[in-house]
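Worksheet: one structure, shown below.
The values are calculated or read from the model by the stated rules, or taken from the named source; none is laboratory data. Quick caveat, the model's predicted, so the values are computed rather than measured. No Cβ is skipped: glycine too gets one built from the backbone with ideal geometry, and neighbour counts run over all protein chains shown.
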Amino acid sequence: MRVAIPALLLLTVSTSCGRGPDLVVHQTAVVVDTTAPFAHHPDFARRLESTMSAALAYWGGDWKALAHRTITFQDEQFVTCGGMGTALGCFDGDIRLTTRDPSIGTFRCVEATVLVHEIGHAVIGDRDHRDPRWMDFDRVAQELAGRIGYPDGSAPCELYPSVWRHLPGG
Ligand SMILES: [Zn+2]
């Protein structure tokens with residue numbers, strides 16, 4: 001049975017100066033600054049919304065934790081985060097994510113990015129990763145597993161929860 005998502009608001013914004021969001025999910029602006037095929041597939045908004053929803057449930061948060069924030073997907077291998085230049089994702093009030101993995105290359109789906117990790121920071125803060133859930137992620141990985149991957153949709157999207165995990169401290 002297909003489940004409709006009535007709260008999902010898609011909005012294409014064109015602005016004459018500067019760049020607006022490519023879409024809005026609930027009250028979160030999303031910027032697609034990547035060539036990764038998954039971000040340009042028609043199912044992107046739906047899968048992004050369900051991944052955000054699963055991550056919020058895992059961390060015990062709700063959509064208010066992400067309201068008025070921006071999520072940016074980018075091609076660059078690493079995003080700068082604080083003084084660190086080698087992060088796969090960053091939460092500094094907004095979320096920035098690379099769409100590439102250093103070893104496997106371009107992620108095949110939004111679920112495989114470190115979005116689930118960064119939403120954790122939006123919900124609980126915990127910059128030092130003291131919460132035991134930073135070393136788990138099994139439940140949310142199971143929920144998101146088995147979806148189709150791109151560019152060609154011929155194989156499931158592999159998830160790597162080990163990439164989402166973070167040892168306590170720093
Ligand atoms: Zn973190």
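Considering only residues that are more than 13 Å from the ligand (Cβ to nearest atom) and in contact with a Cys (Cβ under 9 Å, 6 or more places away or on another chain), which ones fall in segment 105-118?
If the condition is that a residue be more than 13 Å from the ligand (Cβ to nearest atom) and in contact with a Cys (Cβ under 9 Å, 6 or more places away or on another chain), then Phe107, Arg108, Cys109, Val110, Glu111, Ala112 are the ones that fit.
Condition first: modelled with pLDDT of 95 or more and small (Gly, Ala, Ser). Now tell me which residues in segment 82-110 satisfy that.
Hits for segment 82-110 are Gly89, Gly93.
How many of the residues in segment 85-106 are of a type in the set (Asp, Glu) and either in contact with a Ser or Thr (Cβ under 6 Å, 6 or more places away or on another chain) or in a strand (DSSP E or B) (or both)?
2
Can we say Thr113 is at pLDDT 95 or above, surrounded by 16 or more Cβ atoms within 10 Å (Cβ to Cβ) and of a type in the set (S, T, N, Q)?
Yes; evaluated as a whole, the condition is true for this residue.
Any idea which of Val3, Val25, Val79 is at pLDDT below 95, crowded, with 16+ Cβ neighbours inside 10 Å and of a type in the set (Val, Ile, Thr)?
Val79 is the lone residue from the list that is at pLDDT below 95, crowded, with 16+ Cβ neighbours inside 10 Å and of a type in the set (Val, Ile, Thr).
Please enumerate the residues belonging to segment 119-142 that are within 16 Å of the ligand (Cβ to nearest atom) and in contact (Cβ under 8 Å) with a residue 40 or more places away in the chain.
Once the filter is applied, which keeps residues that are within 16 Å of the ligand (Cβ to nearest atom) and in contact (Cβ under 8 Å) with a residue 40 or more places away in the chain, segment 119-142 yields Ile119, Gly120, Ala122, Val123, Ile124, Asp128, His129, Arg133, Phe137, Val140.
Keeping to segment 116-145, report how many residues are modelled with pLDDT under 95 and either touching a strand residue (DSSP E or B) at 6+ places or on another chain (Cβ under 7 Å) or among the aliphatic types (A, V, I, L, M) (or both).
The total comes to 0.
Just a yes or no: is a residue in segment 39-47 within 24 Å of Ala145 (Cβ to Cβ) and within 12 Å of the ligand (Cβ to nearest atom)?
Looking for residues that are within 24 Å of Ala145 (Cβ to Cβ) and within 12 Å of the ligand (Cβ to nearest atom), one finds none in segment 39-47, hence no.
Of Phe91, Phe73, which residue is crowded, with 17+ Cβ neighbours inside 10 Å, within 12 Å of the ligand (Cβ to nearest atom) and on the phi < 0 side of the Ramachandran plot?
Phe91
Please go through segment 60-84 and pick out each residue that is under 14 Å from the mean Cα position of the chain (by Cα) and either in contact (Cβ under 8 Å) with a residue 60 or more places away in the chain or assigned to a loop (DSSP other than H, G, I, E, B) (or both).
Arg69, Asp75
Would you be able to say whether some residue in segment 143-153 is closer than 20 Å to Phe38 by Cβ, within 16 Å of the ligand (Cβ to nearest atom) and touching a residue at least 24 places away in the same chain (Cβ under 8 Å)?
Checking segment 143-153: not a single residue is closer than 20 Å to Phe38 by Cβ, within 16 Å of the ligand (Cβ to nearest atom) and touching a residue at least 24 places away in the same chain (Cβ under 8 Å).
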